[in-house]
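The values are calculated or read from the model by the stated rules, or taken from the named source; none is laboratory data. Note that the structure is predicted; figures quoted are calculated from it, not measured. We place every Cβ from the backbone using ideal geometry, glycine too, and count neighbours over all the protein chains shown. Ligands, DNA and RNA are excluded from the accessible area calculation, which covers all protein heavy atoms including side chains. Shrake-Rupley method; radii C 1.70, N 1.55, O 1.52, S 1.80 Å.
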Amino acid sequence: MTYTELVTFVSDICENTFPTDDMNMFIKQAEQKIYNTVQLASLRKNVTGLTTASNKYLSAPNDFLSAYSLAVVHPDGEYHYLLNKDVNFIREAYPIPTDTGTPAYYALFGPVSTNEAELTFILGPTPDAAYSMELHYFYYPESITTTASGTTWLGDNIDSVLLYGSLVEGYTFMKGEADMIAIYEKKYQDALMLAKRLGDGMERRDAYRSGQARVPVQ
């Protein structure tokens with residue numbers, strides 16, 4: 001489903017022509033709800049970077065929302081995954097910043113500059129060299145309202161959840177009939193279950209490891 005098709009369907013079903021800004025708001029709100037409910041593989045991204053010797057902070061990507069993993073990649077290709085802790089643990093375990101070594105722990109520290117959107121990690125212990133790091137993280141992909149092609153992975157693969165999510169937002173904005181809002185919400189939840197079956201189920205298993213899915217025969 002393209003952006004143009006989505007706008008047409010929402011407008012036709014609601015029997016209302018919404019201003020573009022309002023329609024885009026409905027769609028973005030629906031996308032945000034979906035992306036925070038289902039862990040889809042398309043919401044994952046990898047980035048590599050380097051630590052700085054004697055600097056316990058590591059900058060996060062601008063589109064970072066949450067971490068899946070952070071690892072030190074040694075020159076021979078070996079991965080050493082850091083354990084996620086809170087800032088208090090790292091401060092307590094490594095109270096002297098000049099005590100350095102290979103990072104073993106990390107925590108989301110927050111902004112360390114005037115840019116409130118620029119998040120950073122704190123590492124423990126403080127790196128003693130420039131280590132290669134690989135971050136696997138969760139981010140919001142570009143909204144279907146702004147992509148040049150007018151398409152996204154969500155619209156191409158699970159368009160029902162995007163359609164009904166947008167309908168719930170749009171019809172609620174109209175202060176529509178409560179019974180119709182309930183119907184759209186039920187349709188949205190049904191579509192969301194399909195998305196969760198894929199993102200939280202099928203994409204996390206295979207037949208070799210988990211066996212084929214079976215329906216009990218009576």
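Quick notes on this one:
- When each of Thr151, Thr172, Thr120 is tested for being out of contact with any strand residue (DSSP E or B) (no Cβ under 9 Å at 6 or more places or on another chain), at pLDDT below 95 and within 24 Å of Ser42 (Cα to Cα), the lone residue that passes is Thr151.
- Scanning the range 157-171 for residues that are among the polar types (S, T, N, Q) and surrounded by fewer than 23 Cβ atoms within 10 Å (Cβ to Cβ) returns Asn157, Ser160.
- Verdict on Ala107 being in contact with a Phe, Trp or Tyr (Cβ under 8 Å, 6 or more places away or on another chain), touching a residue at least 40 places away in the same chain (Cβ under 8 Å) and open to solvent by less than 80 Å² (accessible area, probe 1.4 Å): no
- Within the range 1-37, the set of residues being free of Cβ contacts under 8 Å to residues at least 24 places away in the same chain and open to solvent by 50 Å² or more (accessible area, probe 1.4 Å) comprises Glu5, Thr8, Asp12, Glu15, Thr17, Pro19, Thr20, Asp21, Asn36.
- Residue match in the range 53-68 (condition: open to solvent by 70 Å² or more (accessible area, probe 1.4 Å) and on the phi > 0 side of the Ramachandran plot): yes
- In the range 182-218, the residues that are part of a loop (DSSP other than H, G, I, E, B) and open to solvent by less than 60 Å² (accessible area, probe 1.4 Å): Asp200, Gly201, Gly211
- Selected residue (criterion: farthest from Phe138 (Cα to Cα)) from residues of the range 69-97 that are of a type in the set (Val, Ile, Thr), free of Cβ contacts under 8 Å to residues at least 60 places away in the same chain and surrounded by 12 or more Cβ atoms within 10 Å (Cβ to Cβ): Ile90
- When the range 119-156 is filtered for residues that are open to solvent by less than 40 Å² (accessible area, probe 1.4 Å), farther than 18 Å from Ala60 by Cα and under 17 Å from the mean Cα position of the chain (by Cα), the ones remaining, listed by number, are Ser143, Ile144, Thr152, Leu154, Gly155.
- In the set Lys33, Lys45, only one residue is touching a helix residue (DSSP H, G or I) at 6+ places or on another chain (Cβ under 9 Å) and modelled with pLDDT under 95; that residue is Lys33.
- Checking Thr17 against (1) within 13 Å of Gly124 (Cα to Cα); (2) hydroxyl-bearing (Ser, Thr, Tyr); (3) assigned to a loop (DSSP other than H, G, I, E, B), the condition it does not meet: (1)
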